[in-house]
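Shown next, in structure tokens, is the structure this report addresses.
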Amino acid sequence: QRCALSDLSGTAAAATVRDDLQPLMDQYGVCPGRTSALPYSVMAASVIYNQEIFDRLGLSVPTTWDELVQTAETLKANGIAPFYGT
């Protein structure tokens, strides 16, 4: 809020920022007329599953959200916690 961050307005990256990301960038402080934050991520997400359990219950690896929800329900119905977060 004190405009202490560098002004990134002149960078090539600032010229390509989508308008819908502005509320996210505004969380880092806003200085009128300047771009002080840029969206950036190298994060990836994955799901690891127990093939033995899937084989035993005749489950296929889900490829859509609806299939994932249904698979989780089947696991729960068989007394198995469908997700574990580390």
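Just for the range 1-31: of the residues that are among the charged types (D, E, K, R) and modelled with pLDDT of 85 or more, which one is least open to solvent (accessible area, probe 1.4 Å)? In this case the residue turns out to be Asp7.
Against the list (1) surrounded by fewer than 14 Cβ atoms within 10 Å (Cβ to Cβ); (2) modelled with pLDDT of 80 or more, the condition Thr35 fails is (1). Based on this model, can you work out whether Gly79 counts as among the small types (Gly, Ala, Ser), touching a Ser or Thr at 6+ places or on another chain (Cβ under 9 Å), outside any helix (DSSP H, G or I) and at positive phi? It is false that Gly79 is among the small types (Gly, Ala, Ser), touching a Ser or Thr at 6+ places or on another chain (Cβ under 9 Å), outside any helix (DSSP H, G or I) and at positive phi.
When each of Ser60, Ser41 is tested for being surrounded by fewer than 10 Cβ atoms within 10 Å (Cβ to Cβ), out of contact with any His (no Cβ under 8 Å at 6 or more places or on another chain), at pLDDT below 85 and among the hydroxyl-bearing types (Ser, Thr, Tyr), the lone residue that passes is Ser41. The set of residues in the range 44-57 that are modelled with pLDDT of 85 or more and either exposed (fewer than 12 other Cβ atoms within 10 Å of the Cβ) or part of a loop (DSSP other than H, G, I, E, B) (or both) comprises Ile48, Tyr49, Asn50, Gln51, Glu52, Asp55, Arg56.
The values are calculated or read from the model by the stated rules, or taken from the named source; none is laboratory data. Predicted model, so just to flag it, every value in this text is computed and none were measured. Don't worry about glycine lacking a Cβ; one is built from the backbone with ideal geometry, like all the others, and counts go over all protein chains shown. Accessible surface is based on the protein model in full, side chains and every heavy atom, while ligands, DNA and RNA are left aside. Shrake-Rupley method; radii C 1.70, N 1.55, O 1.52, S 1.80 Å.
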